[in-house]
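Following: one structure in structure tokens, then a few remarks.
Read-outs throughout are calculated quantities, based only on the coordinates presented, and are distinct from any laboratory measurement. Here the structure is a predicted model, which is why all the values come from computation and not from measurement. Cβ: placed from backbone, ideal geometry, glycine included. Neighbour counts: every protein chain shown.
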Amino acid sequence: MKLRYLLIVILSLATGLVSVAQDRDETRFIQAVQEYSSGGYERAAAAFEAILKADPSQDAAWFYLGLCRMSRQDIAGAKEAFGKAAELDPKNYWYRDRLARTYALSGDRDQTILQYERLLADFPGQSDIQFNLINLYMAAGQTEKALGALDAVEGTMGKTDASVMTRFELYRRQNDNENAYKALRDYVDEYSSPYVLTILGDYEVGMYNDSTALTYYNQALALDKDYAPARLGIAEAYRMTRRYPEYFSALGGIVSDTDIDPLAKVDYLQALLSHTDRRFQQTYMSQLDSAFDKTLAAHPTDTTVLQLSGSWFAVSGRPERAADMFRKNMELAPQSLPAAATYVQLQADLGNWDEIIRVTEDSYARFPQEPAFLELQNVAFYNKKDYRALLDNCDRIIRIAAGDSARTLSALSSKGDAYWTLGDRKNAFKTYDKALKINPNFAPVLNNYAWYISQSGGNLKKAYKMSKITVELEPDNATYLDTFGWILHLMGKDLEAKPFFKHAMLYGGKDSKTILQHYARVLEKLGETDLATSYRMQADQLPDESDE
């Protein structure tokens with residue numbers, strides 16, 4: 001009896017110890033899972049590795065270790081861990097699905113396909129596997145296998161818009177347009193789908209079968225009277241068959257509809273302008289104006305609509321209307337640098353110098369990283385002949401652009417020109433010297449410096465050396481060629497000057513009154529009076545230039 005009692009006690013103690021050990025292991029596992037769930041992936045991984053060191057048969061621990069490794073982008077390590085989990089419990093769908101997805105992330109498409117095919121064999125009812133295989137087969141160019149997988153999906157779940165469009169794409173990849181569009185036609189014979197009907201309509205438009213296309217579009221609208229793609233398709237069918245009254249009427253209805261996404265309208269109108277020629281746009285300008293006006297009325301504060309509408313009015317010769325839209329666009333999008341730049345550029349084209357000064361100051365305050373706005377101010381100050389303001393602005397740019405040699409050089413060049421215009425030769429040349437210390441080959445300064453020396457009776461040899469560098473740097477620049485040729489003329493070297501003027505004629509010199517007059521003078525000196533008269537007559541036809 002004593003022996004029997006002792007055995008019972010020993011067994012009871014052993015059972016209790018096993019239970020305690022099991023509870024402890026379960027607690028460690030739960031704590032590791034909690035660590036993973038709270039984002040402590042490194043600590044969780046260490047905990048799962050400790051669990052697996054004690055007992056490598058813990059499939060759930062391998063699975064979570066794989067998740068931890070995935071969080072660290074350790075694809076190879078994750079693949080190993082998921083593989084162990086799937087090996088220990090091959091009937092667990094989630095283990096094997098995660099393993100297959102990890103193969104996909106590793107870029108091993110063949111092994112990924114193999115894993116999903118095996119998974120589908122063991123879990124034939126999982127549609128997710130079938131969809132994944134369809135995509136994998138398509139990516140691998142295995143069209144027949146993709147079609148077979150698609151048959152299985154449709155056999156289980158029935159046909160859908162997504163499945164028929166996938167079949168359509170697969171046939172198209174085989175260059176089998178006949179079966180591709182037959183699949184769509186068969187589908188709409190059985191199911192109602194505005195989307196697929198519209199795709200068929202688009203195809204018929206492309207084949208110039210406008211009546212068939214309109215039938216499909218109208219069927220789509222019978223199912224959904226507001227279906228925008230079908231409405232747009234009808235409009236395009238009218239346009240392609242040159243039924244312009246119907247086209248613009250349909251287009252007006254579309255762009256006026258506030259329920260249609262404004263970005264979709266912008267995309268269409270932009271494509272319309274890109275794919276129609278200037279003659280079409282001029283012939284139907286009033287109708288296009290109406291389309292843009294209606295789009296603006298439907299979406300008066302949409303910046304993409306304002307931007308495109310402004311561009312239309314600008315390129316079609318109505319910059320004042322464009323300016324209103326670009327200004328509103330800039331005000332609605334105060335953090336948009338392109339919006340501000342577009343408005344400023346248009347104002348420059350219009351010559352509204354006061355407005356440019358105002359808006360560039362405001363824009364620079366909003367975009368202090370863009371001194372280009374201050375450089376545009378210089379253009380305005382120059383055109384207003386406010387050279388003192390220009391000088392102050394150049395100093396401001398030079399302070400701001402510390403370390404930016406390109407901007408500093410540009411500002412010094414403008415500053416030197418302003419001093420010269422004000423009659424301050426000393427400061428003009430001093431400023432040019434500063435610029436040339438930064439870059440001895442800066443052509444704009446070299447050209448102006450050389451020109452002003454030649455005009456003020458200065459050292460022509462110095463002017464010659466400077467100007468010679470500019471024509472070597474930019475041999476096709478008509479302005480630089482003119483300066484160099486004129487200096488040669490002043491040095492009594494008209495025969496040497498002639499080829500430089502002749503070359504300038506090929507690169508815009510004929511559009512400059514000053515260059516034509518200079519060339520005529522050189523030709524006269526060479527005794528070529530008839531040719532000189534011809535060029536002088538051409539010069540007389542051109543407006544005076546500010547600086548001859």
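If each of K53 and Q287 carries a label point 7 Å out from its Cα toward its Cβ, how far apart are those two points in nm?
8.0 nm
Count the lysine pairs in segment 441-548 that are 8 or more places apart or on different chains: how many have C-alpha atoms under 13 angstrom apart?
Numbers: K461/K493; K493/K525; K498/K525; K502/K510.
Count of close lysine pairs: 4.
How far is helix 228-240 tilted off the main Cα axis of the chain, in degrees rounded to 10, range 0 to 90?
In the chain, helix 228-240 runs at an angle near 40 degrees to the longest axis.
Compute the Cα gyration tensor for segment 217-337, then decide on rounded, prolate or oblate, letting a ≥ b ≥ c be the square roots of its eigenvalues: rounded whenever a/c is under 1.5, prolate when a/b is larger than b/c in the other cases, and oblate in all that remain. Mind dumping the intermediate values first?
Values: a/c = 2.56, a/b = 1.41, b/c = 1.81.
Note, shape of segment 217-337 comes out oblate.
Using the count of nearby Cβ atoms within 10 Å as a rough guide to exposure, how do I129, I260 rank from fewest to most? Display every interim value, and only then the final one.
Numbers: I129 25, I260 20.
With the sparsest Cβ surroundings first, the list reads I260, I129.
List the lysines whose alpha-carbon lies under 16 Å from that of K182, not counting same-chain residues fewer than 8 positions away?
List returned: K159.
Expressed in nm², what is the orientationally averaged projection area of the convex hull enclosing the Cα positions of the chain? Can you show the working numbers first?
Details: hull surface 177.4 nm².
Spelled out: convex hull of the Cα atoms, projected over all directions, averaged, 44.3 nm².
Return the sequence-ordered ³J(HN,Hα) values of segment 328-343 in whole Hz as given by the Karplus equation 6.51 cos²θ - 1.76 cosθ + 1.60 applied to θ = phi - 60°, using x for Gly and Pro.
For segment 328-343, the Karplus curve yields 5, 4, 5, 5, 6, 10, x, 9, 9, 5, x, 5, 5, 5, 5, 5 Hz.
Using only Cα atoms, find the angle between the long axis of helix 59-71 and the longest principal axis of the chain, and express it within 0 to 90 degrees, rounded to the nearest 10.
0 degrees
Rounded to whole Å and sorted largest first, what semi-axes of the equivalent ellipsoid does the C-alpha gyration tensor of segment 441-548 yield via the square root of 5 times each eigenvalue? Spell out each step's value before the answer.
Values: eigenvalues 90, 43, 32 Å².
Result for segment 441-548: semi-axes of 21, 15, 13 Å.
List the lysines whose Cα sits under 25 Å from the Cα of K294, skipping any in the same chain fewer than 8 residues away.
K225, K265, K328
I need the chymotrypsin sites (Phe, Trp or Tyr not before Pro) found in segment 47-146, filtered to DSSP loop residues with at most 14 other beta carbons within 10 Å of theirs. Walk me through the numbers on the way to the answer.
Values: sites: F48, W62, F63, Y64, F82, Y93, W94, Y95, Y103, Y116, F131, Y137; in loops: none.
Of the chymotrypsin sites (Phe, Trp or Tyr not before Pro), not one in the loops of segment 47-146 has a Cβ with at most 14 other Cβ atoms within 10 Å.
If each residue's Cβ is checked for other Cβ atoms within 10 Å, how do L422, L488 rank with the fewest at the top? Walk me through the intermediate numbers first.
Working: L422 14, L488 23.
With the sparsest Cβ surroundings first, the list reads L422, L488.
Please work out the Cα convex hull volume for segment 29-119 and give it in Å³ per residue.
Values: hull volume 7.1 nm³, N = 91.
Roughly 78 Å³ of hull volume per residue.
In degrees between 0 and 90, to the nearest 10, how far off the longest principal axis of the chain does helix 513-525 point, with axes built from Cα atoms?
Roughly 50 degrees, rounded to the nearest 10.
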